[in-house]
């Protein structure tokens, strides 16, 4: 089920989607129990939250509400609404008093990570967060290899600039491996990205 | 136009609402140009953002999407969705590297601020943010007096505990005046709450 933003861009669902929950992998296995990156991160964040490690939440999907029905004595029903492009990244919160901010994306591409996964507003937001002293990064998953990397926003911004200067429209997998940090995948937590933050900032 | 959450609670719109934009005040004046607290805060945050003072955004209203139509070659239309209760506060972001988190509410009540403006999930979230070293507070507006206060979350939690121990279900205006900090209202920015944060934390 694919649908588009008002600007014609394809909408990629970010709320837990029952259709994706038991998505069978290309190799025929149910490795990682078919969880999406978002589900893995939500469970990771819940793990951090209940153990007082960090308080990080995913922001709700932005929706432009046009029409609401409100039958008497029952719940209001939104009858017409549209998906909006997010003006910030999807995840933020606090770790040891510091502001944490990130976006998470996955690609089926085996050799590179397409920059079209991000949009100009998000890049601008990341610059603003860095200028304000926040900790900002992206979590990139190469689904074919089940590999997940943390790439600091300062590096993403450099690759974005390369593209706007006429360079390639993606980050090669080698570049992600060299400049990013692979996050070991586990059971609890699934994607322990705070461990990388500890190495980089503490 | 009032409507309710699935749990029967009244929905108070948090997205800019055209109906409220030119709301005439009880006293017949259009003082403060009839802006809602949310609009004033959004403009204040935009003022901070463009001047690199702080990066603080309102989170989107959480919505449970049930049905989406996706006509070919046009925008996806959400045909059925419901308002969800937020699990966190509405505003967060970064100021000088520090995590900032707050909720904003207004009351018509002239003598006290009803605690029913907050819900248990938000109180829990504020506790978690404080435990993690974040800066957390509420912005309270007494609409009849056009007075806006910043009350640190630690004080709100004390009043909440008093209520759960059988005490009063509101904070008196005197208590807000004594334990909170009145925010002078201006033109640019409208509600300069960062000034209070500077006094309290820097």
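Where a number appears in this text, it was derived from the coordinates with a stated rule and is not lab data. Please read these numbers as outputs of a predicted model, since none were measured by experiment. Cβ atoms come from the backbone with ideal geometry, glycine included; neighbour counts cover every protein chain shown.
Can you give the relative contact order of region A:45-202 as a percent, counting alpha carbon pairs under 8 Å and 6+ residues apart? Value for region A:45-202: 17 percent.
Starting from the label point of residue B:52 at 7 Å along Cα→Cβ, the same points in the other copies fall at 3.8 nm, in ascending order.
Mean separation of Cα pairs under 8 Å and 6 or more residues apart, divided by the residue count, gives region B:147-198 a relative contact order of 46 percent. Between residue B:121 and residue B:74, what's the calculated FRET efficiency when r is the beta-carbon distance and R0 is 45 Å? Round to 0.05. The formula returns an efficiency of 0.75 here. Of the residues B:198, B:192, the one with the fewest other Cβ atoms within 10 Å heads the list, and the complete ranking is B:198, B:192.
Residues A:118, B:159 in ascending order of nearby Cβ atoms (within 10 Å, fewest first): A:118, B:159. For residue A:46 and residue B:161, FRET efficiency with R0 = 30 Å and r from the beta-carbon atoms, rounded to 0.05? Working from the Cβ atoms, E equals 0.75. Averaged over peptide A:131-139, the number of partner chain Cβ atoms lying within 10 Å of each residue's Cβ comes to 4. Shielding of peptide A:96-103 by partners, expressed as the average count of other chain Cβ atoms within 10 Å per residue Cβ, is 5. Each other copy holds its own label point for residue B:179; taking that point as 7 Å from Cα along Cα to Cβ, the gaps run 4.9 nm, nearest first.
Sorted fewest first by neighbouring Cβ atoms within 10 angstrom, A:145, A:70 come out as A:145, A:70. Taking the label point 7 Å along Cα→Cβ, residue B:200 and its counterparts in the other copies are spaced 2.9 nm apart, in ascending order. Peptide A:116-122 has a mean shielding of 0, counted as Cβ atoms of other protein chains within 10 Å of each residue's Cβ. Under 1.5 on a/c is rounded, so check that first for region A:84-142, then, if it is not, pick prolate when a/b is larger than b/c and oblate when it is not; a ≥ b ≥ c are the square roots of the alpha carbon gyration tensor eigenvalues. Prolate shape, in that a/c is at least 1.5 and a/b is the bigger ratio. Given R0 = 25 Å, the distance between the Cβ atoms of residue A:195 and residue B:85 translates into a calculated FRET efficiency of 0.20.
Got the relative contact order for region B:113-173 handy, in percent, Cα pairs under 8 Å and 6 or more residues apart? Over region B:113-173, the number comes to 39 percent.
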